[in-house]
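J.: This is the structure I want to talk about, given as structure tokens.
The values are calculated or read from the model by the stated rules, or taken from the named source; none is laboratory data. What you see is a predicted model, and the numbers here were worked out from it, not measured in a lab. Here the Cβ positions follow ideal geometry from the backbone for every residue, glycine too, while neighbour counts run over all protein chains shown.
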Amino acid sequence: MTSGGDSAGMNAAVRSVVKMAIFRGCEAFVIREGWEGLVRGNQSPDSTPPQTPSVSTSQPTFADTADPKGKASDRNQQTEQSDFVPTYGEGELLREGVGEAQELGLRGRYIIRVGWDDVRGWMDQGGTLIGTARSKTFRTPEGREQAAYNLIINGIDALAVCGGDGSLTGADKLRAEWPDLVSALKSKGRITEEQATKFAHLNIVGLVGSIDNDMATTDITIGASTALQRICESVDSISSTAASHSRAFVVEVMGRHCGWLALMAGIATGADYVFIPERPPTGQEWHSEMCEVLQKHRDLGKRKSIVIVAEGAIDRELNDITPEMIKNVLSDDLGLDTRVTTLGHTQRGGKPDANDRILATLQGIEAVDAVLEATPETPSYVIGISENKITRIPLMFAVEQTQKVAKLIESKDFDGALALRDPEFAE
Ligand code: F6P
């Protein structure tokens, strides 16, 4: 499932999870439209129950078909237990036609069994092909009960969710409530005793898909690298006009309350000045400091001035610093012909870059192994990356740390916020 705002690399993550799950001998499903799709399930009157997919004779060509973690015995065990044939060929998406399958999502089939070939060609696709949606219903106990029911009747006992911290919080909530949800479904007679026993545990794993790179405990999130690349390309284009007309440009970039995109874009494009939420200036001090820096660069012969402002930029009093405010200072105090460009959603969509494809693929592989190795005692994990190594971090710890950062910024403890997001900063 993908959830929250789309980010480049989400399809690569789904592809990786589907292929790795099949490789490990599991049945794979996609859930369309995020948590909303899970709540709706396959309820439409014209929906057909999942069928046994066709099996192609060709073997998978997944990068490494060796069994590096010695999981072959687990795989055999799973095959024996659930008596199914792994879907190396087409699943429902391709058999029914991808276009039609997309329509099916709208007609009410949200949980679709997929095979190896269904996710063919997904690696380089932008956005999320299985859709994402905000779900009010999932926030209600009834919604989560229905979500649990839909998982059980489809025979799903493990869930990989790719999304931001909000989406991952939802995942952990579902897991925490799972035993109560199963009991409620059993006492209402919606599931059998046998199903209640078979689905006594739900294993959940998170992959962080977000352009903002705002998740504590991981170095980078799926989609952030592509968004940064997009920003750099846009600033490069803007720079041509800026230099031609000797203008100043204020470029607003996304990132919500996180300044990573703005800061990295500032470095990568050689911007003159950058505003980020984590290093807010005191009151109006930025007026004179920014003008001094830009004037110095102009005095050295620079014909263009670029100021990058994170959409969440604030001053120490927590007042917004807007691109218009910056433009007015540059025009009034320096007399620069200044334009504002808000890059908006051009930053979020489009083909993932190589980094996001690789990150999503490696994390998808780890995600499947994390749920297969999970026991009722292990926490739900979020898959991260730290110093170039793929990691597993307890999901709630990662979410809590991320939310603490936002709270520290609200309480004006900016150093504390940075230290939490990047522990090395504290050292
Ligand atoms: O979290 C990703 C993000 O693109 C943020 O950078 C931005 O603030 C927000 O989502 C925009 O959300 P929406 O697409 O709902 O306007």
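Table: residues versus (1) away from the ligand (no atom under 16 Å from the Cβ); (2) aliphatic (A, V, I, L, M).
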| position | (1), (2) |
| --- | --- |
| 195 | yes, no |
| 208 | no, yes |
| 211 | no, yes |
| 216 | no, yes |
| 222 | no, yes |
| 226 | no, no |
| 231 | no, yes |
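J.: Given (1) part of a loop (DSSP other than H, G, I, E, B); (2) at pLDDT 95 or above, where does residue 20 come up short, assuming only one miss?
T.: The failed condition is (1).
J.: Here is a follow-up. Of all residues in the range 114-170, which are assigned to a loop (DSSP other than H, G, I, E, B), of a type in the set (Val, Ile, Thr) and more than 19 Å from residue 361 (Cβ to Cβ)? So that I can check it myself, show each step before the final result.
T.: To start, the set of residues in the range 114-170 that are assigned to a loop (DSSP other than H, G, I, E, B) comprises 115, 120-136, 140, 154-157, 164.
Remaining after also requiring of a type in the set (Val, Ile, Thr): 128, 130, 132, 140, 156.
Answer for the range 114-170, where residues must be assigned to a loop (DSSP other than H, G, I, E, B), of a type in the set (Val, Ile, Thr) and more than 19 Å from residue 361 (Cβ to Cβ): 132, 140, 156.
J.: Right, next: Considering only the range 189-241, state which residues are among the polar types (S, T, N, Q) and either under 22 Å from the mean Cα position of the chain (by Cα) or buried (at least 16 other Cβ atoms within 10 Å of the Cβ) (or both).
T.: Going residue by residue through the range 189-241, those that are among the polar types (S, T, N, Q) are 192, 195, 197, 203, 210, 213, 217-218, 221, 225-226, 229, 234, 237, 239-241.
Of everything in the range 189-241, those that are among the polar types (S, T, N, Q) and either under 22 Å from the mean Cα position of the chain (by Cα) or buried (at least 16 other Cβ atoms within 10 Å of the Cβ) (or both) turn out to be 195, 203, 210, 213, 217, 218, 221, 225, 226, 229, 234, 239.
J.: Quick one: count up the residues across the range 308-340 that are under 17 Å from residue 276 (Cα atoms), crowded, with 16+ Cβ neighbours inside 10 Å and either among the polar types (S, T, N, Q) or within 16 Å of the ligand (Cβ to nearest atom) (or both).
T.: Counting residues in the range 308-340 that are under 17 Å from residue 276 (Cα atoms), crowded, with 16+ Cβ neighbours inside 10 Å and either among the polar types (S, T, N, Q) or within 16 Å of the ligand (Cβ to nearest atom) (or both) gives 10.
J.: Another one. Out of all the residues in the range 362-383, is one or more within 16 Å of the ligand (Cβ to nearest atom) and either modelled with pLDDT of 90 or more or over 30 Å from residue 293 (Cα atoms) (or both)? Explain how you work it out, then say what you get.
T.: So the first thing to find is which residues in the range 362-383 are within 16 Å of the ligand (Cβ to nearest atom), and the list is none.
No; the residues of the range 362-383 include none that is within 16 Å of the ligand (Cβ to nearest atom) and either modelled with pLDDT of 90 or more or over 30 Å from residue 293 (Cα atoms) (or both).
J.: Is the range 33-42 home to any residue that is at pLDDT below 90 and more than 29 Å from the chain's Cα centre (by Cα)?
T.: no
J.: Between a first residue in the range 190-203 that is over 16 Å from residue 374 (Cβ atoms) and a second residue that is in a helix (DSSP H, G or I), which pairs have beta carbons less than 6 Å apart while being 6 or more apart in sequence or on different chains?
T.: 190/149; 191/152; 191/185; 195/152; 196/182; 196/186
J.: Filter the range 181-193 down to the residues that are among the hydrophobic types (A, V, I, L, M, F, W, C) and either within 16 Å of the ligand (Cβ to nearest atom) or closer than 23 Å to residue 379 by Cβ (or both) and list them by number. Can you show your working first?
T.: Quick first cut of the range 181-193, residues among the hydrophobic types (A, V, I, L, M, F, W, C) only: 181-182, 184-185, 191.
Listed by number, the residues that qualify are 181, 182.
J.: Just for the range 341-361: of the residues that are more than 19 Å from residue 215 (Cβ to Cβ) and among the β-branched types (Val, Ile, Thr), which one is farthest from the ligand (Cβ to nearest atom)?
T.: Looking at the filtered set, the residue picked out is 341.
J.: Go through the residues of the range 159-180 one by one and say whether even a single one is over 20 Å from residue 403 (Cα atoms) and within 16 Å of the ligand (Cβ to nearest atom). Before you say what the answer is, go through the steps one by one.
T.: From the range 159-180, those over 20 Å from residue 403 (Cα atoms) are 159-160, 177-180; that's our starting set.
Still in the list and also within 16 Å of the ligand (Cβ to nearest atom): none.
No: zero hits.
J.: A follow-up question, please. Can you find a residue in the range 368-386 that is under 21 Å from residue 4 (Cα atoms) and of a type in the set (D, E, K, R)?
T.: no
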